[in-house]
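J.: Please see the structure below; I have some questions.
The values are calculated or read from the model by the stated rules, or taken from the named source; none is laboratory data. As the structure is a computational prediction, the values presented were derived from the model and not from experiment. Ideal geometry is used to build each Cβ from the backbone, glycine not excepted, and the neighbour counts take in all protein chains shown. Ligands, DNA and RNA are excluded from the accessible area calculation, which covers all protein heavy atoms including side chains. Shrake-Rupley method; radii C 1.70, N 1.55, O 1.52, S 1.80 Å.
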Amino acid sequence: MVVTQLNLEFRFQGKKLRGFSCELTRSPYGILPETAFTVTCQIMVPLLLSGLGMMTAGLVMDTIQHWPVFVEVKDLLTLVPPLVGLKGNLEMTLASRLSTAANTGQIDDPRDQHRVISSNLALIQVQATIMGLLAAMAALLLGAVSRGELDFAKMELLCASSVITAFLAAFALDTRYLTLLVCFGFMALTPVWVLIAKQNPPTMKILKSGWFPFILAMMISSFGGLILNKTISKEQYKGMAVFTPIICGVGGNLVAIQTSRISTYLHMWSTPGVLPLWMKKFWPNPCSTFCTSEINSMSARVLLFLVIPGHLIFFVIIYMVEGHSVPNSKTFVVFYLLAGLIQVTILLYLAEVMARLMWHQALDPDNHCIPYLTGLGDLLGTGLLALCFLISWLLRSKAELDGISEPVSGPF
């Protein structure tokens, strides 16, 4: 943020009538234009670190999918994408709100910093508790639809695992009253978080009316979880558990970065409900999203160019750690990278469209765009990944029937 001091005065026939000074908060885009190199440097390290975390989560999930609790309660696997997406949604919307607040000078005062940050942290505690329980109910309903029956015996376990962790829920699998106590314990803390969140009026507004994006995003992610549940145990999808958190997480992180940048840009240069003149079109030409000199177009190109190198780095590390449990043919690698590229391209374009639509409706893109986009990213990522495994398996089967074997010594 750059603050410019202006001294203005009005004169009539050479006589000074009135003078005053004011401060203008200018976007850094207007004073020190960002370059593709600076944006890449800012994004690269966080993206790699988050990717390592997602890669570790995938390796862990590949191991625990064979645990008795996950074999017995298949709906726990359905919970994975919506819970991972929920955690990402809450944290990324929080980071995006704080980023916008910092860039627009809302937390320059130390007293405002404490109030805004504490109320936002309390807000995500309330959202996490409520949405965790709703995610469990969604997993139960999707499981009931796919199986044709509703298993009430596993309801406490799913609720507990949504609020805490699958590990603790597995520990409490045979302790009926402990799972109920865990759920009620976390729910009992909700009024405390609400009282803290009330310190900041904008946060309270989100608490009252900002639930729909998270609920819809959770439902979208749950369909991705259903795909994972139906494919993870089949031989042709071996390795699906490892790559699911990575492809979903990378797409979600990149589109959240772009959405946050667009939102900050709109807060800087316009007012809610009024789009800047150069952003009047609700459905911009895809070329204008990726191929112009405009700052948001430049950042979209940078994010898109990071997809293939990032996925290649994660793939090589996974292959070195778990080579026996993941596909290592060149065909799969090509389709996997193509899937990641398609996913992020769609998400970045939709980020531009949704940010404009939400801003035109006087809604903050920080709160109303990121959940939808990350939920859609989970569904796209899981669906495209399953398609990669299926196509790779079909091509491999056809090659074996034709007596052709593809080299599998490594991914390159």
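J.: Can we say G340 is in contact with a His (Cβ under 8 Å, 6 or more places away or on another chain), open to solvent by less than 10 Å² (accessible area, probe 1.4 Å), in contact (Cβ under 8 Å) with a residue 60 or more places away in the chain and closer than 22 Å to M44 by Cβ?
T.: Details: in contact with a His (Cβ under 8 Å, 6 or more places away or on another chain): yes; open to solvent by less than 10 Å² (accessible area, probe 1.4 Å): yes; in contact (Cβ under 8 Å) with a residue 60 or more places away in the chain: yes; closer than 22 Å to M44 by Cβ: yes.
Here the answer is yes, as G340 does meet what is asked.
J.: While we're on this one: Give L373, L304 a once-over and let me know the one that is in contact (Cβ under 8 Å) with a residue 12 or more places away in the chain, open to solvent by less than 20 Å² (accessible area, probe 1.4 Å) and either part of a helix (DSSP H, G or I) or of a type in the set (V, I, T) (or both).
T.: On the way: L304 fails: open to solvent by less than 20 Å² (accessible area, probe 1.4 Å).
Sole residue among the options that is in contact (Cβ under 8 Å) with a residue 12 or more places away in the chain, open to solvent by less than 20 Å² (accessible area, probe 1.4 Å) and either part of a helix (DSSP H, G or I) or of a type in the set (V, I, T) (or both): L373.
J.: Does Y265 satisfy being among the aromatic types (F, W, Y), touching a helix residue (DSSP H, G or I) at 6+ places or on another chain (Cβ under 7 Å), within 21 Å of T93 (Cβ to Cβ) and touching a residue at least 60 places away in the same chain (Cβ under 8 Å)?
T.: So Y265 fits the description; yes.
J.: F332 passes all but one of (1) open to solvent by 10 Å² or more (accessible area, probe 1.4 Å); (2) closer than 21 Å to L390 by Cα; which number fails?
T.: (1)
J.: Mind telling me which of the residues T271, T244, T264, T259 ends up being among the polar types (S, T, N, Q), more than 20 Å from P46 (Cβ to Cβ), surrounded by 15 or more Cβ atoms within 10 Å (Cβ to Cβ) and at pLDDT 85 or above? Give the steps one after another, and end with the answer.
T.: Details: T271 fails: surrounded by 15 or more Cβ atoms within 10 Å (Cβ to Cβ); T264 fails: more than 20 Å from P46 (Cβ to Cβ); T259 fails: more than 20 Å from P46 (Cβ to Cβ).
Unique residue meeting the criteria: T244.
J.: If you don't mind, there's one more thing I want to ask. Report whether or not M204 is open to solvent by 10 Å² or more (accessible area, probe 1.4 Å), over 23 Å from S99 (Cβ atoms), modelled with pLDDT under 85 and in a helix (DSSP H, G or I).
T.: Details: open to solvent by 10 Å² or more (accessible area, probe 1.4 Å): yes; over 23 Å from S99 (Cβ atoms): no; modelled with pLDDT under 85: yes; in a helix (DSSP H, G or I): yes.
The answer is no for M204.
J.: Next question, about the same structure. Could you say which residue among I313, I342 is out of contact with any Cys (no Cβ under 6 Å at 6 or more places or on another chain), β-branched (V, I, T) and at pLDDT 95 or above? Talk me through it step by step, then tell me what you get.
T.: Values: I313 fails: at pLDDT 95 or above.
Matching residue, one of I313, I342: I342.
Table: residues versus (1) modelled with pLDDT of 80 or more; (2) over 27 Å from the mean Cα position of the chain (by Cα); (3) not in a helix (DSSP H, G or I).
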{"position": "S21", "(1), (2), (3)": "no, yes, yes"}
{"position": "E34", "(1), (2), (3)": "no, no, yes"}
{"position": "F37", "(1), (2), (3)": "yes, no, no"}
{"position": "S50", "(1), (2), (3)": "yes, no, no"}
{"position": "M54", "(1), (2), (3)": "yes, no, no"}
{"position": "V60", "(1), (2), (3)": "yes, no, no"}
{"position": "F70", "(1), (2), (3)": "no, no, no"}
{"position": "V80", "(1), (2), (3)": "no, no, no"}
